1. Mind checking Rg over Rh on the range 43-171, alpha carbons, Kirkwood formula for Rh?
2. Pop a pseudo-label 7 angstrom from the Cα along the beta-carbon direction at both Asn107 and Ala297 and give the gap in nm to one decimal.
3. Would you mind checking the tilt of helix 222-250 against the longest principal axis of the Cα atoms of the chain, expressed as 0 to 90 degrees and rounded to 10?
4. Applying a 10 Å radius around every beta-carbon, put 206-216, 221-231 in order of their mean neighbour count, most first.
5. Given q = 0.07, 0.12, 0.13 Å⁻¹, what are the Debye log10 I(q)/I(0) values for the chain, with equal point scatterers placed on the Cα positions and solvent ignored?
6. Give me Tyr379, Tyr300, Tyr342 sorted ascending by neighbouring Cβ count inside 10 Å, so fewest comes first.
7. For Glu323, Glu143, Glu78, what's the fewest-to-most ordering of other Cβ within 10 Å of each Cβ?
8. Taking Cα pairs under 8 Å and at least six residues apart, what relative contact order does the chain come out at, in percent?
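Readers should treat all values here as calculations from the given coordinates under stated rules, not as data from a laboratory. None of these values were measured; they are calculated from a predicted model. Every residue, glycine among them, receives a Cβ derived from its backbone with ideal geometry; neighbour counts consider all protein chains shown.
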Amino acid sequence: MAVFIWRSLSLLLREIGQFIRSRVLIPEGSGVLVAVSGGVDSVVLLHVLSRLANKHRWRLAVGHVNHAMRGEAADEDEAFVRDLAATLKLPFRSVRLDPELWKSPGNKQEKARRERYRWLRTWAKEERCESIATAHQADDQAETELDRLIRGTGLDGLGGIPVRQGCIVRPLLETPRAAILDYAQFKKLAWREDATNAALAYTRSRIRHEVLPVLETLRAGAAERIAQATERLAEAGEALRAAAAILLQQNLTQGVGAEWRVDTERLLSLPIGLRLAIWREALRLMRGGALRRISAAHCYAIDHLATSNAMGPVALPDDGRVERAGGTLIFYPSPEDNGASYEFELDIPGDVAFPGGSLMSWRASEGEELVFTDPNQAYFDAEAMGEAIVVRSRRAGDWIALPKVGRKSVARLFSDLKVPHSHRDRIPLVVSSVGVLWAPGLRRSQLAMVTEKNHRIVGMKFCRKLSK
């Protein structure tokens with residue numbers, strides 16, 4: 001991560017632009033839905049992106065979610081953002097949530113976050129935007145990291161707020177709040193103040209107003225330094241998880257039922273940190289990518305089961321369990337996980353494991369011989385394959401555009417190919433913002449087809465996990 005020296009506001013603009021380019025957050029000529037609350041961070045984000053849009057041929061749109069939690073003030077925020085979008089002559093989308101949502105039990109902040117992102121994704125699709133830009137900045141990253149540290153989170157949590165999360169991008173994540181305020185004041189930008197941000201009812205608010213200022217007196221630029229350390233931890237976590245996924249696939253078989261079996265013979269000599277990561281990846285795979293209610297204690301218990309004479313079982317949430325039979329760990333999913341849907345993000349280049357196998361992606365090099373005869377391998381035009389690429393199980397309403405056939409439902413495709421009903425939920429689909437790209441081993445769609453004119457090509461290879 002570059003250490004920013006804020007010599008001038010023009011340098012700030014250039015540095016943000018360079019950050020976007022270096023991380024390939026917003027491709028040239030693509031659409032971006034900018035999430036704008038009306039606060040100073042999101043107003044500056046919109047202003048910066050609008051300044052850079054012509055150079056990079058970006059199509060901008062503005063989205064605002066009125067959570068209806070603050071009465072007239074929330075409605076005034078919505079009106080402010082609407083006027084701002086009109087001033088910039090940008091498409092505007094908004095929704096006012098039903099106040100009844102907040103009367104039901106549960107964490108209000110989490111429910112608000114889910115609703116916010118649900119609407120943003122809907123609008124991005126309708127506006128044909130490949131990316132959704134949010135205004136999280138360096139101080140937000142520092143607050144998140146400190147909050148998770150005092151909660152005792154694991155390495156995944158210490159990775160903080162990701163720069164990219166599917167189609168969600170965060171162009172200001174290396175920019176400190178002070179620089180954002182300086183920019184807004186110098187440009188004489190107007191913004192809205194949320195009075196609840198000054199309240200100390202939430203832990204995050206107390207970290208922002210009481211803890212970070214003290215840290216700044218101890219070390220100037222503390223928030224930026226914490227954000228930098230967070231990214232290092234995120235990189236280490238990604239490397240550990242990738243290594244764990246590879247080792248897991250090398251020692252994994254699917255049982256005759258819904259269980260997964262891990263041969264531990266070659267794993268027990270590995271460092272404990274790597275073993276724990278492998279057990280965590282096995283749980284992630286078994287539970288369709290979700291680790292809800294899984295803690296470090298579960299992974300340590302599984303490791304004790306693997307390395308001792310204990311017979312187990314290790315009880316998991318929702319009645320799942322792990323047992324040992326000789327040198328094999330057997331992961332039994334809960335009734336909820338058995339046949340459950342799954343979804344995993346696919347980085348390019350990168351690899352991902354999922355129920356039924358794994359998939360590897362790479363950027364084809366110039367002169368590479370492309371193999372089109374293998375049904376488990378496919379190539380795509382990188383410029384046309386869309387954003388937010390995931391590997392997931394089928395969903396109601398899925399369709400695939402087939403060469404010479406046209407649009408066909410995935411359900412009909414499985415039926416035509418006589419895929420057993422018991423296997424259909426485990427067949428992976430490679431899906432992006434433009435639709436279903438590939439049903440590995442079955443059919444490749446006509447989307448993002450490779451031609452002689454393509455200069456950027458992405459290759460993918462599917463490795464099926466055979467039942468034991």
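1. Details: Rg = 16.3 Å, Rh = 16.5 Å.
That ratio is 0.99, to two decimals.
2. 1.8
3. Helix 222-250 sits at roughly 10 degrees to that axis.
4. Values: 206-216: 14.8, 221-231: 19.8.
Highest to lowest by the protection proxy: 221-231, 206-216.
5. -0.42, -1.23, -1.38
6. On the way: Tyr379 19, Tyr300 15, Tyr342 22.
Arranged by neighbour count, lowest to highest, Tyr379, Tyr300, Tyr342 become Tyr300, Tyr379, Tyr342.
7. Values: Glu323 15, Glu143 24, Glu78 21.
Ascending Cβ contact count within 10 Å gives the list Glu323, Glu78, Glu143.
8. Details: 762 pairs, mean separation 55.3, N = 468.
Result for the chain is 12 percent.
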